[in-house]
Each structure stands twice: as C-alpha cells, then as structure tokens.
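A.B. asks: There's a structure below that I have some questions on.
The values are calculated or read from the model by the stated rules, or taken from the named source; none is laboratory data. Worth saying up front: this structure is predicted, and the values here are computed from it rather than measured. FYI the Cβ positions are ideal-geometry reconstructions off the backbone, even for glycines, and counts take in every protein chain you see. Ligands, DNA and RNA are excluded from the accessible area calculation, which covers all protein heavy atoms including side chains. Shrake-Rupley method; radii C 1.70, N 1.55, O 1.52, S 1.80 Å.
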Amino acid sequence: MAEIVRRAAQQTALNAILAAGIKGGADLESLLNVAIDHTLKALGLEIGAIWIAPTGGRAHSFVMRGLPVEILATTGLLSGTGQVPALESTISEDFWSSRSVFADSMRGSGINAALTTPLLFNGKVIGGVRVASPTPRAWNSDEVALVEAVGSQLGIVIERARLYEETRQRMDELEAVSRVSGALREAGSLQQIL
C-alpha cells in the first residue's frame, strides 16, 4: 500500500507541473513554485531548489525550500558560473564522506545528501533541480527517475512559458505602435498631434 501511495504522489507531482505549464499565462515563478512543492512532497522532503540559468539578458530565476540563499552563492548557482548540472544527474548520498568541493558548504547548510538533475530543453541544460536531505540517504531508482522526469518536463514547460511571455510582450509593443499610428492618422497636422 505504501508503494501505491508513493507512486501516486510522484504522478501527482508530474501532473501538477504539466497542468501549470498548460495554463497559458502562468508566470515562471509560479511554475517553479508548483514544481518544487510537488516534487518535495512526492519525495517526503523539505529541502530543495530549482533554478534557471540566465540567458538572453534574462535574470537568474530560482525558488528554494529549506535552503539559505548562501548555498546557491557558494556553489556558484546564482552567478551562473558554478555547478550547473551536466546532462545527467549527480547523486550524493553522504556529504560527510564526500570529497566534493561543495561538501563543506552543503554540510554547513544542514544538507547531508543531495540529488541534482538538469533542466533540459532540446538537449541543452537551462537550469537544474536539487532535492536534499539533512541525513545520509541512498536515493533509489524511482526517486532519481522522478527528479529526472521533473527536470525534463519542467525544461519544456519553462521554454513554453518564456515563449508565451515574449509573444505577449511583442503583442503589447505592437498594440502601442498601433495606437500611436492611429492617433497620427487622425490628427490633421503636427499642431494637433502636439
């Protein structure tokens, strides 16, 4: 019975991410909040983060639960120059026995185990998902598969949200140009325009 409940929670997490992405107009922060909350709930955890690397003049986006902002800065995630995941997941089961360059920072933040996976869109890393535990944890294959599925689905949803936002901004700009153009056509002279 516990297995059924766990799998149902995992499916609920994925469904919530997809549903949030399907709703046109959902802002990026809302999408990230839905994703981290449902992912952590499905895993029975309280510590995690999702971040999106800065691109094309866009600022770095991230949401966190149970982590100090300093952990993102010390691992380089806020600057976009640090530990952005590779094309595959990174699993740390016990930072007390780890030689990772980030082990001290993680332990200092109360994290003893972490699972990090990339946010992917068209095979390109656009950010990452990290879930963590305050105690050593052997991540099982279902947990890894869930976080990887979240990273994969969320990457697609994020890019769709970005495209929607860009389209909406272009529409607003075109509407403003149209209003100005209409006012110019209606005005008979420069004096009337001013």
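A.B. asks: Need a quick list: helices (runs of 4 or more DSSP H) entirely within region 99-194 having at least 2 residues that are touching a Gly at 6+ places or on another chain (Cβ under 9 Å), within 21 Å of THR12 (Cβ to Cβ) and among the β-branched types (Val, Ile, Thr). Lay out the reasoning, then the answer.
C.D. replies: Values: elements: 103-108, 141-186, 190-193.
Per the criteria, 141-186.
A.B. asks: Looking at region 101-124, I want the residues that are without any contact (Cβ under 8 Å) to a residue 12 or more places away in the chain and have a partner that is surrounded by 21 or more Cβ atoms within 10 Å (Cβ to Cβ) and not in a loop (DSSP other than H, G, I, E, B) with Cβ atoms under 6 Å, at least 6 apart or on another chain. Which pairs are those?
C.D. replies: The qualifying pairs are ALA103/PHE95.
A.B. asks: Checking the condition at pLDDT below 80, on the phi < 0 side of the Ramachandran plot and open to solvent by less than 40 Å² (accessible area, probe 1.4 Å), which residue from ALA132, ALA183, ALA161, ALA149 passes?
C.D. replies: Details: ALA132 fails: at pLDDT below 80; ALA183 fails: open to solvent by less than 40 Å² (accessible area, probe 1.4 Å); ALA149 fails: at pLDDT below 80.
Just one listed residue meets the conditions, ALA161.
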